[in-house]
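Data first, discussion second: the structure below is written as structure tokens.
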Amino acid sequence: MLIWSILLLLFALIILWRFVFGKIKLRRQLSSFPGPKLDNFLLGNYNLFWTKGKNIPFHIQFPITLLSLATIYREHGLCRVWVAVDPYVMIFSAETIEPILNSHTLITKDDTYKLLHCWLGTGLLTSTGNKWKIRRKMITPTFHYRILDQFLPTFDKNAKILVKNLEEYESEDWIDIIPLVTLCTLDVICETAMGVEIKSQNKNCMDYIQALHEFTNIHLERSMKPWLFNDFIFNLTSNGAKLKRTLSVLHGLTKKILKQRKEELKTSVNNLTDSSIGEKKKEPLLDTLIKHQFQNKDFTDQDICEEVDTFVFGGHDTTSMGICWALYHLGLHRDIQEKVYEELRGIFGDDKDKTLTADDIREMKYLECVLKESQRISPSVPLIGRSCTEDFKIKNYTIPRGTTIMILFYAIHHDPKVFPNPEVFDPDRFLPENCIGRHPYSFIPFSAGSRNCIGQKYAMMELKTIVSRIIMNFEVESIDPPEDILCSFLLVLRPEGQLKLRLKRRK
């Protein structure tokens, strides 16, 4: 017994030594990088993220600190910061971000994405390596432009329902626009990804909607407490039990729809053969995955659910915030809003209920500039993380293996060298003549390279459809000035609190 105890102790000491030695090695390798002075070996640059005397939550202080560092080290395009004992290299210029996003090896998301595995598994968002490449190739045809045009009626139908719901709030001093828009985008993604109408805008599927809300809140709290990253410890907490109940609802709906749709498709399996090959037809992502399973038995129901859940998760939150931020900026700049309205009048004419066509969407050129400028100032996804799985050289710096790379889209979009007066909302920045000579990686709201957003054209079409419907029917006024709005950078750019708009119906 004594011998085993000694051996276990030696084993633990060896693991501890390798851990400490690894961190010391990383400290030495990163010592030449620009960045703040290390405050404490164990706590890292803790003083930057916890400001004494200021009652600011960590998830709000975190982006404030990151943007401050990006400003200080702007000329280098990157900097190093220590979060506890873990090294992070922040990237915030077009020149430094390009080789990372173009790399075919640095495609692994950082460890915080593992907190999503409980719901999403290792779908397209969270997977890496060969699995990610196979899934990406399989799903890409679902977003062919000819198929996207056929999704437009789904976008438009739900946009009209949203407008109808907004009419109920016209007499209010203001409304929080986020919940109503989120229900709309959730209806859209469920119909296009799963092929079902959950009709959340009509107060249906409230248990699923509540589960989505609970998962977001649990994920936020867990992300802010590193000791809860460990599943064993987290499952001992009250949120651990709540998460199990939440996942039961989220997974339950997907599995129920999958079972139902598989039976329907099996009856028409003869239609899946040669006669339809090469023909671009509208079909939900779920159908594409089921058809793949019919031909490849190694592709399981779990694999299908991973991808469907991934698109429901990623496809409603980012687009809803993109719509909300666009409306907020239009509400701040009434002159720009009127220019958008005049463009839309030329498309809709006097018929606000006109059925939108793909050609109509393509004619919304100034609205597209507005949406891009909104994504520049308030990108739906403000940052992403990558795990550095091999030594990687940028400029004269070598980022060592074991480092987390944090790509700060928000800071890149606010680079004053590329966008003078970056806090000024100016859609003319995206007129074709003003984009000439601009670095292609200076504006990347949907990321870039091999891991760019597969649904970026889908998202832009949805944003145009919903925003155009709202502006055709309402004058929008924003209540709070930008300086009064604090934002979180977790997963999506979200205000701390409500996004208040006043609506006045157009005559």
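The values are calculated or read from the model by the stated rules, or taken from the named source; none is laboratory data. None of the values given here were measured: they were computed from a predicted structure. Neighbour counts run over all protein chains shown; Cβ positions are idealised from the backbone, glycine included. Keep in mind that these areas ignore ligands, DNA and RNA; they rest on the heavy atoms of the full protein, side chains included. Shrake-Rupley method; radii C 1.70, N 1.55, O 1.52, S 1.80 Å.
By accessible area, using a 1.4 Å probe on protein heavy atoms only, the stretch 97-227 has 55% of its surface on carbon and sulfur.
The Cα atoms of the stretch 424-507 cover 42, 32, 26 Å along the three principal axes, with the biggest extent listed first. Looking at the stretch 356-487, the accessible area is 39 square angstrom per residue; that uses a 1.4 Å probe and ignores ligands, DNA and RNA. Computed over protein heavy atoms with a 1.4 angstrom probe, the accessible surface ordering of C324, C205, largest first, is C205, C324. Derived scalar couplings between HN and Hα for the stretch 458-469 equal 4, 5, 5, 5, 5, 4, 4, 4, 6, 5, 5, 4 Hz in order, rounded to whole Hz, by the Karplus curve 6.51 cos²θ - 1.76 cosθ + 1.60 (θ = phi - 60°), x for Gly and Pro.
Taking a ≥ b ≥ c as the square roots of the Cα gyration tensor eigenvalues, with a/c under 1.5 meaning rounded and otherwise prolate when a/b beats b/c, else oblate, which class fits the stretch 298-401? Oblate is the answer for the stretch 298-401, as a/c is 1.5 or above yet b/c matches or exceeds a/b. When shorter helices are ignored and each DSSP H run of at least 4 residues is given -39500 (n - 2.57), the per-residue value for the chain at 222 nm works out to -16500 deg cm²/dmol.
By the rule of a C-alpha distance below 23 Å, with chain neighbours fewer than 8 residues away ignored, the lysines paired with K225 are K23, K52, K54, K109, K114, K242, K244.
DSSP beta bridges confined to the chain are antiparallel in about 85 percent of cases.
Dimensions of the stretch 39-84 based on its C-alpha atoms, expressed as ranges along the principal axes with the largest first, amount to 31, 23, 15 Å. When only the Cβ of Lys, Arg, Asp and Glu is charged (+1, +1, -1, -1), the dipole of the chain relative to its Cα centre reaches about 1700 debye.
The convex hull defined by the C-alpha atoms of the stretch 435-474 has an orientation-averaged projected area of 3.9 nm². Between the beta carbons of H213 and K164, assuming R0 = 22 Å, the FRET efficiency works out to 0.45 to the nearest 0.05.
Shown is the FRET efficiency for N421 and K137, computed with R0 = 51 Å from the Cβ-Cβ distance and rounded to the nearest 0.05: 0.75. Over all directions, the projected convex hull of the C-alpha atoms in the stretch 348-507 averages 12.3 nm² in area.
For the stretch 444-487, the share of accessible area belonging to carbon and sulfur comes to 53 percent (1.4 Å probe, ligands and nucleic acids excluded).
Shape index of the stretch 164-222: Rg/Rh, with Rg the Cα radius of gyration and Rh the Kirkwood radius from the inverse mean 1/r over Cα pairs, equals 1.03.
Rolling a 1.4 Å probe across all protein chains gives Y73 an accessible area of roughly 40 Å². The shape of the chain can be summarised by an equivalent ellipsoid whose semi-axes, obtained from the alpha carbon gyration tensor, come to 38, 30, 23 Å from longest to shortest. Residues K23, K354, K203, K297, sorted by accessible area with the largest first, give K297, K203, K354, K23 [1.4 Å probe; ligands and nucleic acids excluded].
Averaged per residue, the stretch 168-253 has 50 square angstrom of accessible surface, using a 1.4 angstrom probe with ligands and nucleic acids left out. Surface exposure of the stretch 36-95, expressed per residue as accessible area with a 1.4 Å probe, stands at 50 Å². Per the Debye formula with a single identical scatterer at each Cα and no solvent contribution, what log10 I(q)/I(0) holds for the stretch 177-277 at q = 0.17, 0.19, 0.20 Å⁻¹? Each listed q corresponds, in turn, to -0.88, -0.98, -1.03. Placing a pseudo-label 7 Å from each Cα along the Cα-to-Cβ vector at Q302 and K244 gives an inter-label distance of 1.9 nm.
Going by accessible surface with a 1.4 Å probe and the largest first, L503, L125 read L125, L503. H213 contributes about 100 Å² of solvent-accessible surface, heavy atoms of the protein only, 1.4 Å probe.
Share of carbon and sulfur in the accessible area of the stretch 386-435 stands at 47%, probe radius 1.4 Å.
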